[in-house]
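Structure first, commentary second.
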Amino acid sequence: MAEPIIELKGISKSFGSNKVLDNINLEIYRGEALGIIGPSGTGKSTVLRIIAGLMEPDTGEVYIQGVKREGLIEEGKDKLGIGMVFQQAALFDSLTVEENVGFLLYQHSKLPRSRIRDLVNEKLDMVGLPGTGDLYPSELSGGMRKRVSFARAIMSNPDNSQQGTEVLLYDEPTAGLDPIASTVIEDLIRRLQSSQGVCSTYAIVTHQDSTIRRTADRIVFLYQGKVQWQDQVHEINHTNHPLIRQFMSGNVSGPIQMVG
């Protein structure tokens, strides 16, 4: 069996007295689309932040291509480029679309501005937003802002192979979008995966049924800080696991206890 390119071993994380992750193990393999699902507040976004190197676990180890990560992402250099698309797009309101997408290159590369603009326009074309570089985030719809954040996440420096993105992490990319806008985003996620030179591997956190089924190949279900179930996405329709049956049906009765 292939070795995972990202592996979490015995990861635990607490916020105060709330233990959101409890000794979990998780693997991501090259070329796969991993869906991380479960009720709200079960640590799904925390898993992404730990994978991205934005947060350290309390206990456990993170391995990137077999190498144990030490500290946060800014304290060392992973062997693998990992990009993250945040739930709220996290764009700078005072910057144009072009400045948002090209932000890292403007700040951390020696590329001429004209070259960065060309790269930005290339990425905006890839996400279906040609000609939007001079607009500001406030002039965009919610779905368009999400796509701008995708363009920023896949931006890389062609003169530095270490500044490329090989794995994308999506945190609720269709949250708050109408069904049509959600379909546009779901199609884009799959298109980016299949595009040459763009990330072929990703993990996605989502609650939305269509997004689970259309963007994930394998599913990991988190509840009470643990991985309770994992399998191929089509097994959602066949498993008798009570947590999956309740979660996918939206039934208020079952082993998943509602909080508040």
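Structural remarks
- The chain - mean residue ellipticity at 222 nm from DSSP helices (-39,500 (n - 2.57) per run, n ≥ 4, rounded to 500): -8500 deg cm²/dmol
- Neighbourhood net charge (14 Å Cβ-Cβ; Lys/Arg +1, Asp/Glu -1) for F103: +1
- Each Lys and Arg contributes +1 and each Asp and Glu -1, all at the Cβ; summed about the Cα centre of the range 84-165, the dipole is approximately 160 debye.
- The mean sequence distance of close C-alpha pairs (under 8 Å, at least 6 residues apart), as a share of the length of the range 121-260, puts its relative contact order at 15 percent.
- GNM remark for the chain: springs join alpha carbons under 10 Å apart, and the peak mean-square fluctuation among R69, R113, R30 falls on R113.
- Highest-fluctuation residue, N23, N237, N121 considered, GNM on the chain with Cα pairs under 10 Å: N237
- Pairs of Cα atoms farther than 16 Å apart, the range 84-165, %: 44
- Across the chain, Cα pairs under 8 Å and at least six residues apart give a relative contact order of 24 percent.
- Local charge for P255 was computed over the other residues whose Cβ lies under 14 Å away, with Lys and Arg +1 and Asp and Glu -1, and equals +2.
- Calculated diffusion of the chain, Stokes-Einstein form, Kirkwood radius summed over Cα pairs, 25 °C and 0.890 mPa s, µm²/s: 128
- Comparing M155, V120, L135 along the charge dipole axis of the range 84-165, the residue lying farthest to the positive side is M155, per the Cβ-charge model.
Quick note: the coordinates plus some simple rules give every number you see, no bench work behind them. It should be emphasised that the depicted structure is a prediction, and the values quoted were computed from it without experimental measurement. Methodologically, a virtual Cβ is constructed for each residue, glycine included, from the backbone with ideal geometry; neighbour enumeration extends over all protein chains shown.
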